[in-house]
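Only one structure is covered here, and it is reproduced in the block below.
Since every read-out is calculated from the coordinates, none of them should be taken as a lab result. Quick caveat: nothing in here was measured; it's all calculated off a predicted structure. FYI the Cβ positions are ideal-geometry reconstructions off the backbone, even for glycines, and counts take in every protein chain you see.
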Amino acid sequence: MTKQVIFNIWDTIEKAERIIIHRHVRPDPDAVGSQAGLGELIQEAFPDKIVKLAGEEEQSLTFLSGMDEVTAEEYRGALVIVTDTANEARIDGEIPESDTLIKIDHHPEVDAYGDIQWVNTEASSTCEMIFRLADVTGIKVTARAARLLFAGMSADTGRFRFSNTTPATFRAAASLSEHSFDRHSLYNEMDVTTLPMLRLQGYVLQEVEVTEEGAAKVYLTRERMESFGVTSREAASIVNCFSNLEGLRAWVFFVEEEDQIRMRIRSKGPVINKLAEKYRGGGHPMASGASAFSWEETDSFFDELRHVCRDSEAANHA
């Protein structure tokens, strides 16, 4: 079935003259890597096709790829592909009109959108899925495409340490590593930080609160982030800075924005995406996001997170 979907996607790409590729808002390396990596594969296979990358440009990820300007007129008759995005509300950029829309994603499904859908929750990343597409169809993988796909896979697996890293992930990484891109340089660019961010991380390490159940929380108010000179998006990026803490089971960053409090949730065992769904969010079992609209609501969320940790611990000892 997977191969049939892949060939269907590639046949649709082959027939299109103009292709516009989107990904989710607040992009990470997997979002940009899958978006730009797929674009590179298509452009290499079909040099005469018009391929554009849509969405707001994220300055911290321009070392991977920039974005293109796309007009509403260009969507008419175009094929639109959305990568790494579980629900339509999180697509970065408006899609005014198009002939066909394809969804390629590895998150648990939230919205069943698109004319063609390829969702594989067993894949470590959408970049791994794009590699699979190239592998099945025999498309040439350039060094630039390999760099983009390797970056996304590496980021979503925590440098191949997270439990979503499978033998298939390692095989894909090994194949991509055969191409001539500098992995050392790529990792340096992925890991680079600023002095304000480093100081914020020091604050987080001092202020993190951990309960007896192994649940931890960090509050980052707008005032606090402004005092360090960082944005809410930048602040959320250090959610894993204490993930190696002894006894830690699950944790949440409460990041205050203008209209809501974003909750960045991570786990080392307890399943958290179902809880995230109760608070207008979702994601992976070990990495999710959600939203609250008051600090009282964050308190309720954290009480439930403590219960999730406690129940998980009890189940492990049953």
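Summary table
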quantity: Within the chain, percent of DSSP bridges classed antiparallel, to nearest 5; calculated: 45 percent
quantity: All Cα pairs of segment 45-128, percent lying beyond 23 Å; calculated: 27 percent
quantity: Inter-label distance for S185 and A89, nm, one decimal - labels placed 7 Å from Cα along Cα-to-Cβ; calculated: 4.2 nm
quantity: Segment 196-316 - share of DSSP beta bridges that are antiparallel (%, nearest 5); calculated: 75 percent
quantity: Global size of segment 58-177 as Cα Rg and Dmax, reported in angstrom; calculated: 15.1, 44
quantity: Label-to-label distance, nm, for residues given as D259 and R199 (7 Å Cα→Cβ offset); calculated: 3.1 nm
quantity: Euclidean distance of C-alpha centroids, segment 255-317 and segment 32-69, integer Å; calculated: 33 Å
quantity: Packing rank of 78-88, 114-124, 249-259, where each peptide gets the mean count of other beta carbons within 10 Å, highest leading; calculated: 78-88, 249-259, 114-124
quantity: Packing-based ranking, highest mean first, of 150-159, 295-304, 260-269 given that Cβ atoms within 10 Å are counted; calculated: 150-159, 260-269, 295-304
quantity: Stretchable slack from D111 to S300, in nm (0.36 nm times residue separation minus alpha-carbon distance); calculated: 65.4 nm
quantity: Cβ charges +1 (Lys, Arg) and -1 (Asp, Glu), total dipole of the chain, debye; calculated: 980 debye
quantity: Spin-label model distance (nm) - F160 vs S291, 7 Å beyond Cα toward Cβ; calculated: 3.8 nm
quantity: The chain - mean residue ellipticity at 222 nm from DSSP helices (-39,500 (n - 2.57) per run, n ≥ 4, rounded to 500); calculated: -12500 deg cm²/dmol
quantity: Percent of Cα-Cα distances greater than 22 Å, calculated over segment 196-316; calculated: 28 percent
quantity: Set of aspartates and glutamates with alpha-carbon distance to K52 below 12 Å, sequence-local pairs under 8 removed; calculated: E17, E40, D68, E69, E74
quantity: Exposure proxy ranking, count of Cβ atoms within 10 Å, fewest first, for V218, V271; calculated: V271, V218
quantity: Hits among lysines - C-alpha to C-alpha of K268 under 27 Å, sequence gap 8 or more where chains match; calculated: K217, K278
quantity: Calculated SAXS-style log₁₀ I(q)/I(0) at q = 0.10, 0.13, 0.14, 0.16 Å⁻¹ - the chain, Debye, Cα scatterers; calculated: -0.59, -0.98, -1.12, -1.38
